[in-house]
């Protein structure tokens, strides 16, 4: 039989402890606490390099990404990102490699706005307008970029041929980063520490 002890604390936005609860519980109580742990979410932006979708002449209803904080684990859900500038215009039309580089720069800026890097990416989904024509150039640009960033291990990846939202866009990437408490923002939150003791 294993006795499980816990310590749950709540903090305000300044990181000051509001309350703390200690006690013993069984595994069902633990699962119940985890299931009801607070989830914080907010949109990801970096207007220095990429405009917001709602600021287009015909506003579009999506965020550039969402940050989800769950008890010390942060997940960034980043929308598909392409070669678009800070005013919302497509750039490097007709130049696949330049579009790829701008796309990577846009994603880098979004990651930086959340205290994240390419080292935190666990998966990418890559959309190419013409995968037969452009995959070799895509892979060369990606490999060069990943080497420059020193990525090891490499993120998981899926490549898809797709009709993109604008006819001039040739590539669109959607990265999936996640990371631990080191990048957590100050916010009202609860934390839960659990340890088991053999009787």
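The values are calculated or read from the model by the stated rules, or taken from the named source; none is laboratory data. In this text, all values refer to a predicted model and were calculated from it rather than measured experimentally. Neighbour counts run over all protein chains shown; Cβ positions are idealised from the backbone, glycine included.
Give the residue that is nearest to residue 122 (Cα to Cα), with candidates limited to residues of the range 64-83 that are touching a helix residue (DSSP H, G or I) at 6+ places or on another chain (Cβ under 7 Å) and without any contact (Cβ under 8 Å) to a residue 60 or more places away in the chain.
My answer is 65.
Being assigned to a loop (DSSP other than H, G, I, E, B), touching a residue at least 40 places away in the same chain (Cβ under 8 Å) and touching a helix residue (DSSP H, G or I) at 6+ places or on another chain (Cβ under 9 Å) is true for just one of 116, 126. Which residue is that?
Sole residue among the options that is assigned to a loop (DSSP other than H, G, I, E, B), touching a residue at least 40 places away in the same chain (Cβ under 8 Å) and touching a helix residue (DSSP H, G or I) at 6+ places or on another chain (Cβ under 9 Å): 116.
If I ask for residues that are outside any loop (DSSP other than H, G, I, E, B), surrounded by 15 or more Cβ atoms within 10 Å (Cβ to Cβ) and touching a helix residue (DSSP H, G or I) at 6+ places or on another chain (Cβ under 8 Å), which ones from the range 160-177 would you list?
Here is the first cut: in the range 160-177, the residues outside any loop (DSSP other than H, G, I, E, B) are 160-161, 171-177.
With surrounded by 15 or more Cβ atoms within 10 Å (Cβ to Cβ) added as a condition, the list becomes 171-177.
Answer for the range 160-177, where residues must be outside any loop (DSSP other than H, G, I, E, B), surrounded by 15 or more Cβ atoms within 10 Å (Cβ to Cβ) and touching a helix residue (DSSP H, G or I) at 6+ places or on another chain (Cβ under 8 Å): 171, 172, 173, 175, 177.
Output the number of the condition that residue 189 fails; it satisfies all remaining conditions of (1) surrounded by 17 or more Cβ atoms within 10 Å (Cβ to Cβ); (2) closer than 29 Å to residue 60 by Cα; (3) at pLDDT below 95.
(2)
Here's a check for you: in the range 102-129, which residue that is more than 24 Å from residue 60 (Cβ to Cβ) and out of contact with any strand residue (DSSP E or B) (no Cβ under 7 Å at 6 or more places or on another chain) is surrounded by the most Cβ atoms within 10 Å (Cβ to Cβ)?
It comes out as 118.
If you check 61, 40, which single one turns out to be at pLDDT 70 or above and part of a strand (DSSP E or B)?
The conditions single out 40.
Within 14 Å of residue 74 (Cα to Cα) and either part of a helix (DSSP H, G or I) or free of Cβ contacts under 8 Å to residues at least 24 places away in the same chain (or both): which single residue out of 111, 154 fits that description?
One residue alone meets the criteria, 111.
When you go through (1) out of contact with any helix residue (DSSP H, G or I) (no Cβ under 9 Å at 6 or more places or on another chain); (2) surrounded by 14 or more Cβ atoms within 10 Å (Cβ to Cβ) one by one for residue 136, which number turns out not to apply?
Going through the list (1) out of contact with any helix residue (DSSP H, G or I) (no Cβ under 9 Å at 6 or more places or on another chain); (2) surrounded by 14 or more Cβ atoms within 10 Å (Cβ to Cβ), residue 136 breaks only (2).
Can you tell me which of 79, 55 is at pLDDT below 95, within 25 Å of residue 167 (Cα to Cα) and loosely packed, with under 14 Cβ neighbours inside 10 Å?
After ruling out the rest, the residue left standing is 55.
If I filter the range 6-21 for residues that are on the phi > 0 side of the Ramachandran plot and at pLDDT below 70, do I get at least one hit?
Checked against the condition, which is being on the phi > 0 side of the Ramachandran plot and at pLDDT below 70, the range 6-21 yields at least one hit.
Does residue 86 satisfy being buried (at least 19 other Cβ atoms within 10 Å of the Cβ) and part of a loop (DSSP other than H, G, I, E, B)?
no
Of everything in the range 65-76 that's under 12 Å from residue 175 (Cα atoms) and surrounded by 21 or more Cβ atoms within 10 Å (Cβ to Cβ), which residue is farthest from the chain's Cα centre (by Cα)?
Only one residue fits best here, namely 65.
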